[in-house]
Structure formats: structure tokens, C-alpha cells
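S.K.: First the structure, which I've put down as C-alpha cells, then a few questions once you've had a look.
The values are calculated or read from the model by the stated rules, or taken from the named source; none is laboratory data. Nothing here was measured: the structure is a model prediction, and the numbers come from that model. All Cβ positions, even for glycine, are placed from backbone atoms using ideal geometry, and neighbour counts span all protein chains on display. Side chains are part of the model used for accessible areas, which takes the heavy atoms of the whole protein and leaves out ligands, DNA and RNA. Shrake-Rupley method; radii C 1.70, N 1.55, O 1.52, S 1.80 Å.
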Amino acid sequence: AQAEQTIDEDRAMRLTAGTYLGYVVTGDARIDDISEAGLEGLASILRRRTAAEVDGAVAVNVTTDDLALVPLLYWPITERQPDLSAETVGRLNEYMRHGGMIIFDTRDKIDGGLEQAGPGVQRSRQLTRDLDMPPLQPIGPEHVLTRAFYLLQIFPGRYAGGEVWVEQTDERRNDGVASVIIGAHDWAAAWAVGADNRPMLPVVPGGERQRELAYRFGVNLVMYALTGNYKADQVHVPYILERLGQ
């Protein structure tokens, strides 16, 4: 028990000393490896293209780990994930309530996705049935996610097409940052790079242009999670300057 406590303290020290992108451990080794490679690939893009100092990816066990140590959780849905205990539901609700963001990726766009309730969507509904899920809406053309860093109107991953849903936010809570985003696009698979720094998996159907757009959406996701509604606030700058000049 003492050794386990030391490991927990070491983990907490490491995560609080930097910024890490969390991915939910599913128990499926292949999916977990893709999640890790995907978030490491995205972190590398963020370091090269933005001022965000993102250190890398970290695996998160939602039943035991301190969720507050990561600003976002990427959660790939697999059909074999066990149901959530009441304690885990409470921990996740607390995380979302206090500024954490969960990106649920059902990964089943080619099997129906959100529009036709594919297998990943059905399992996600079962997993989240006891969570305090907020009202959701499709990402619209004026949402901050369309301009948090890059200007975007589509949000592909390994698969393209279809809506991405986001919480209907209240700007007075958590700086307007959504606690939940849901898509079916298998984003980590598009971001994932191997040891040779080459993409691990193909994207369908749009080739490398689609992969670039997937990276750009990933950058927007992380910048949104880290900076909140900063970009939305910028629209008020001309009005503020006008008032200051009066």
C-alpha cells in the first residue's frame, strides 16, 4: 500500500508539473495503444505549431485515477467496456462539473455513427446513462471550436462526414468551455504516429488533406480546453475599445 501511494504521488507530481492529454483506458490493448499514439502525435503538433506547452499523453483509469490532473479526457468507446459503478459516475460528474472536458469518440462513423445509432453510439448510451449529461447541440458555424486556433467548418478524424455534438454551454460557468463533446470520427486513429513519426493508419476517404484537417480540429479542441472562450471574447474588443475612447 505504501508503494502504491508513492506511485500515486509521483504521478501527481509529474502531471501537475506539465500539461498532459488524458485518454481513458478501455482494456482493449490495441485501442489503448492507438489512443496513446494519437494524443502523443497531437501533442507534437501542438508543440510545433502553437505556444501551448503540451508534454504528451497519459493513460487514465476513470475508476481509480485523479481525473482533475488532466484538462481533457479522450474516451474511445469499445463494445466490451464494463458498465460504470456509482462511485465512478460520481467522479466523472464531479470532473465535468468543475471544468473537465470529455471527448466521447464512438469510432463508428462507417457503421452508422451518431446519425444511425451505430454500435459505438449504442454502447456509449449505455455507459453514460447515469452521468449528468448536459443538453447537446451540433457544432455550429459560430462555435468557438470553429476558430479556437484554425478556422474550420468540418471536423474529420479517420472518418469524415456527420455532425459533432457539443454541450450547450453557459458562459458564466467554466468560462463557457463544454464539458462534453461527442463524435464518431475515430480522431486518435487519424492523429496516431509510429516510432518512425509516420501515420499509423489510413484516413477514409480524404487522404492526407483529411488527416491535416483532423490535426487542426485536434489543435482547436486542446486550445479550446486550455483557453476557454478567449476567441469568442475577441469579438467584443472593438466595442470595448470604442467605449474606452469615449
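S.K.: Label the range 82-151 by shape, choosing from rounded, prolate and oblate, from the square roots a ≥ b ≥ c of the eigenvalues of the Cα gyration tensor; if a/c is under 1.5 it is rounded, and otherwise prolate applies when a/b is larger than b/c, oblate when it is not.
M.R.: Cα axes put the range 82-151 in the oblate bin.
S.K.: What order do His185, His98 take when sorted by accessible area (1.4 Å probe), most exposed first?
M.R.: Greatest to least solvent exposure: His98, His185.
S.K.: Could you provide, to the nearest whole Å², the per residue accessible area of the chain with probe 1.4 Å?
M.R.: Normalised by residue count, the accessible surface of the chain is 50 Å².
S.K.: Would you list Arg80, Arg30 from the most to the least accessible area, probe 1.4 Å?
M.R.: The residues order as Arg80, Arg30, largest area first.
S.K.: From the P(r) of the range 181-227, could you give the percentage of C-alpha pairs in the tail past 12 Å?
M.R.: 65
S.K.: Express as a percent, rounded to the nearest 5, the fraction of DSSP beta bridges in the chain (both residues included) that run antiparallel.
M.R.: 25
S.K.: Mind sorting out which of [x] -0.44, -0.54; [y] -0.23, -0.30; [z] -0.27, -0.34 is the real log10 I(q)/I(0) by the Debye sum over Cα atoms at q = 0.07, 0.08 Å⁻¹ computed from the coordinates?
M.R.: Among [x] -0.44, -0.54; [y] -0.23, -0.30; [z] -0.27, -0.34, the one calculated here is [y].
S.K.: Can you bin the range 52-194 into rounded, prolate or oblate? Criterion: square roots of the alpha carbon gyration tensor eigenvalues sorted a ≥ b ≥ c, rounded for a/c under 1.5, prolate for a/b above b/c, oblate for the rest.
M.R.: Taking the square roots of the gyration eigenvalues as a ≥ b ≥ c, the range 52-194 is rounded.
S.K.: For q values of 0.13, 0.23 Å⁻¹, compute log₁₀ I(q)/I(0) with the Debye formula on a Cα-only model of the range 27-126, without solvent.
M.R.: Calculated log10 I(q)/I(0) at the listed q: -0.54, -1.33.
S.K.: Related question: Calculated from DSSP H runs of 4 or more alone, at -39500 (n - 2.57) each and per residue, what is the 222 nm mean residue ellipticity of the chain, nearest 500?
M.R.: About -12000 deg cm²/dmol.
S.K.: Indicate the gyration tensor shape class of the range 143-207 (rounded, prolate or oblate), computed on the Cα atoms with a ≥ b ≥ c the square roots of the eigenvalues: a/c under 1.5 is rounded; otherwise a/b larger than b/c is prolate and the rest oblate.
M.R.: In terms of gyration-tensor shape, prolate.
S.K.: Taking all protein chains as present, what is the carbon and sulfur share of the accessible area of the chain, in % to the nearest whole number, probe 1.4 Å?
M.R.: 50
S.K.: Given N residues in the range 4-67, what is its alpha carbon radius of gyration divided by 2.2 N^0.38 Å?
M.R.: Dividing the Cα Rg of the range 4-67 by 2.2 N^0.38 Å gives 1.18.
S.K.: Separate question: Please give the peptides 56-66, 158-168 ranked by average Cβ packing (other Cβ atoms within 10 Å per residue), highest first, as a rough proxy for protection.
M.R.: Taking the mean over residues of other Cβ atoms within 10 Å, the ranking is 158-168, 56-66.
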